[in-house]
Amino acid sequence: MATRHVTYHSLDGTAVRMLLIGAEDTSGPRPTLITGYGGFGISVRPAYDPSVVAWVEAGGLIAIPAVRGGGEEGAGWHHAGRGQAKQRSFDDFTAAAHWLIDRGWTSPDRLGAFGASNGGLLVGAAVTQHPELYSAAVCIAPLLDMVRYEHFGLGPSWRQEYGSADDPRELDWLLSYSPYHHVRRADYPAVLLQVYGNDTRVDPMHARKMCARLQHANPDGRPVLFQNLPDMGHGPRARSQALAAAAATLAFLAHETGLGRGSRD
C-alpha cells in the first residue's frame, strides 16, 4: 500500500491538493472511491481506517481531495467554500473526479463517490450536477434539501456556514446547488442513502426525500436504495454497529464499481 500527494487545478484555476491511497504496483483504471468533506473549516486528516485498507487490499484506490470549505489550507480555505461561495467545494470535487479519469487512474464506470454529513451534501451536489462521472454514490446522514435544512436537527446553528432561506439573496445561493432541487430525468449512478434513526444532528428527512425524488425521476435507472440504521446516532457508536454500517456501504460500492472482478455484471 502506498500514498501519494498530488495537486490538480479546480474549475477556476485554483490549485487543490489530493491524497491517493492504493497499491504500489497497480496500473491502469481501477475501482476508485473519491471522498471529501469540505465544510466548517474541518480538515480531513490521514488516519487509519479499516474500510480504506479493505478497499485497497481488494485492488481499489481511495482519493481524498482537500476541497475548499475545509480547513486544510487555513481559515481562508474555509471561507472560500462557504455561504455564497459554496459551489467552489463542489467544483473542486468535480475537478478531482475529472483529474482521476483524465490521468487514467479510473473511469466513470469504476468511480464511486462517498461522503457523510456535510460530505453527503458534497457528494449529493456532485452527483446531481455531473451524474455522468460516477458509477455509484453513497450519502451517509446527508444534508440534501438546503431550502428547509434550518427547520430540522441542528440546522439553525449552520446559517453562518450555508446561509438562510429566510433571506432572499441567500435563498438564491441555496437553490443554486441544493441537491434535492436539482434532481431531473438523467442517467444517475446507483445511489445508497444511509441514515441513522437516532440522528439528532442531521434529520433523516433529507435522505428520505432525496430517495423518493430520485426514484420518481428515473424509475427505470440504476438502483436508488435507502438504509435506515435505527439504533445509531450521528456521532460515536459501538464497534459492531460501525462495522455493520461500513460493510453495507463497501458491499454496495464494490458491486457497482466492479471491485474484485474483472468486469462489471
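The values are calculated or read from the model by the stated rules, or taken from the named source; none is laboratory data. Model, not experiment: these values are computed from the prediction. Glycine also receives a Cβ, built like all others from the backbone with ideal geometry; neighbour counts cover every protein chain displayed.
Which residues, counting only those in segment 88-106, are surrounded by fewer than 17 Cβ atoms within 10 Å (Cβ to Cβ) and in contact (Cβ under 8 Å) with a residue 24 or more places away in the chain? H98, G104, listed by residue number. Checked against (1) surrounded by fewer than 21 Cβ atoms within 10 Å (Cβ to Cβ); (2) touching a residue at least 12 places away in the same chain (Cβ under 8 Å); (3) under 20 Å from G69 (Cβ atoms), R159 meets all criteria but (2). Residues of segment 151-186 that are touching a Leu at 6+ places or on another chain (Cβ under 7 Å) and either modelled with pLDDT under 95 or assigned to a loop (DSSP other than H, G, I, E, B) (or both): G163, A165, V183. Of everything listed in (1) modelled with pLDDT under 95; (2) buried (at least 23 other Cβ atoms within 10 Å of the Cβ), the single unmet condition for L193 is (1).
From M232, M205, grab the single residue that is more than 21 Å from F40 (Cα to Cα), buried (at least 20 other Cβ atoms within 10 Å of the Cβ) and either among the hydrophobic types (A, V, I, L, M, F, W, C) or modelled with pLDDT of 95 or more (or both).
Numbers: M205 fails: buried (at least 20 other Cβ atoms within 10 Å of the Cβ).
Result of the check over M232, M205: M232.
Of all residues in segment 218-227, one or more are among the polar types (S, T, N, Q), farther than 29 Å from V53 by Cβ, buried (at least 16 other Cβ atoms within 10 Å of the Cβ) and out of contact with any strand residue (DSSP E or B) (no Cβ under 6 Å at 6 or more places or on another chain).
If you go through segment 29-49 one residue at a time, do you hit one that is surrounded by fewer than 14 Cβ atoms within 10 Å (Cβ to Cβ), touching a strand residue (DSSP E or B) at 6+ places or on another chain (Cβ under 6 Å), of a type in the set (G, A, S) and within 21 Å of V138 (Cα to Cα)? If you could, list the steps in order and put the result at the bottom.
Within segment 29-49, the first condition is being surrounded by fewer than 14 Cβ atoms within 10 Å (Cβ to Cβ), and the residues that meet it are 43, 45-49.
Right, trim to touching a strand residue (DSSP E or B) at 6+ places or on another chain (Cβ under 6 Å) and you get 43.
Now narrow it down to the ones that are of a type in the set (G, A, S): 43.
Next cut, within 21 Å of V138 (Cα to Cα) only: 43.
For segment 29-49, residues surrounded by fewer than 14 Cβ atoms within 10 Å (Cβ to Cβ), touching a strand residue (DSSP E or B) at 6+ places or on another chain (Cβ under 6 Å), of a type in the set (G, A, S) and within 21 Å of V138 (Cα to Cα): present.
What helices (runs of 4 or more DSSP H) completely inside segment 53-131 contain at least 2 residues that are out of contact with any helix residue (DSSP H, G or I) (no Cβ under 9 Å at 6 or more places or on another chain)? Let's see the steps before the verdict.
Values: elements: 75-79, 87-102, 118-129.
It comes to 75-79, 87-102.
Can you find a residue that is among the basic types (K, R) and without any contact (Cβ under 8 Å) to a residue 40 or more places away in the chain anywhere in segment 108-117? The answer is no; no qualifying residue exists. Here T200 fulfils each of the conditions (1) more than 20 Å from the chain's Cα centre (by Cα); (2) under 15 Å from C139 (Cα atoms); (3) among the β-branched types (V, I, T) apart from (2).
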